[in-house]
1. Under 14 Å from a point placed 7 Å out from the Cα of ARG73 along the Cα-to-Cβ direction: which residues of segment 18-58 have their backbone N that close?
2. How many nm separate the modelled label positions at THR42 and HIS210, each set 7 Å beyond the Cα in the direction of the Cβ?
3. Nearest 10 degrees is fine. How inclined is helix 51-63 to the longest principal axis of the chain, computing both from alpha carbons?
4. What full-extension length gain, to one decimal in nm, is calculated for ARG106 and ASP196 as 0.36 nm per residue of separation minus the Cα-Cα distance?
5. So what is the 222 nm mean residue ellipticity for the chain from helices alone, if each DSSP H run of at least 4 adds -39500 (n - 2.57) and you divide by all residues, rounding to the nearest 500 deg cm²/dmol?
6. Arranged from highest to lowest average of other beta-carbon atoms within 10 Å per residue, in what order do the peptides 16-26, 31-41 appear?
7. What's the ranking of 112-119, 51-58 by average number of surrounding C-beta atoms within 10 Å, highest first?
8. I'd like the FRET efficiency for ASN31 and SER98, computed as 1/(1 + (r/R0)^6) with the beta carbon distance as r and R0 of 41 Å, rounded to 0.05.
Amino acid sequence: MSIQQIHDPDSSLGDEHKIVDRIYNAVMQQNLPPMTKLSESTICESFGVGRMKARRALLLLASQGIVELRSNRGAFVASPTKSDADEVFEARIHIEPSLTAQVAKRIDARGLKALTKHINKEKAARRSGDRQEIIRLSGEFHVLVATVSGNGFLARTLRELVTRTSLIVAMFGSGKASCCRDDEHEQILEAIKNRDAGRASDLAREHLEHIQLDLDFSQTHQPEPDLVSLLKAR
């Protein structure tokens, strides 16, 4: 199961979940800025679906906090405020350090293999200079830590918080905040491998604080993307 499909897709909503996953990935890669209008007609053109499926996909995205539905105006990529950012990071700082400590205490060989494989993907993306992949993998590391904990509820919660963080970084991120710092995930993984719960917790907290400190709330403008080119299946 992919990270973006932590929700259990209903097979009867296959087209809708394809739309949700592609828009989710575009948000995670910061290719789809906050306040971008997502018209039903554009989604229909991009995915070759009817308006009913486009509408259901937008409702699913709204339920995950990725899209805002505005009366008489349509659907827009969610546009977080500074207050939203403060709340998201407060929630993550409450959840992730203790969760990471629990993972360090309980992780099995399968979980370690999954995290190590993910870190290797991050390294490969950095070596190749693939910024979009770096950004996507940086966010998904946090969801994967929750996933290997075995707590499905926390994994779904972290997925939503990480998605909201991507929107926050897309809106307020400085160059440094576009993705996680180079070696911090590796340090967290090393603490987990060593079963050092205290250090894993401290590193997770410091890591989140670094991301938050790198935000610049004086900048909010993002150019409108070409939605059809961005979302259309290749």
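Bear in mind that the values in this text are calculations on the coordinates, not laboratory data. Small disclaimer: the values here were computed from a predicted structure and weren't measured. Note that each Cβ is placed from the backbone with ideal geometry, even for glycine, and that neighbours are counted across all protein chains shown.
1. Counting only backbone N, you get 34-39.
2. It is 3.4 nm.
3. Approximately 30 degrees, to the nearest 10.
4. Details: separation 90, 0.36 × 90 = 32.40 nm, distance 1.09 nm.
The span from ARG106 to ASP196 would gain 31.3 nm if fully extended.
5. Computed mean residue ellipticity for the chain: -21500 deg cm²/dmol.
6. 16-26, 31-41
7. Numbers: 112-119: 15.6, 51-58: 18.8.
Listed from highest to lowest mean packing, they are 51-58, 112-119.
8. On the way: r = 32 Å, r/R0 = 0.79.
After rounding, the FRET efficiency stands at 0.80.
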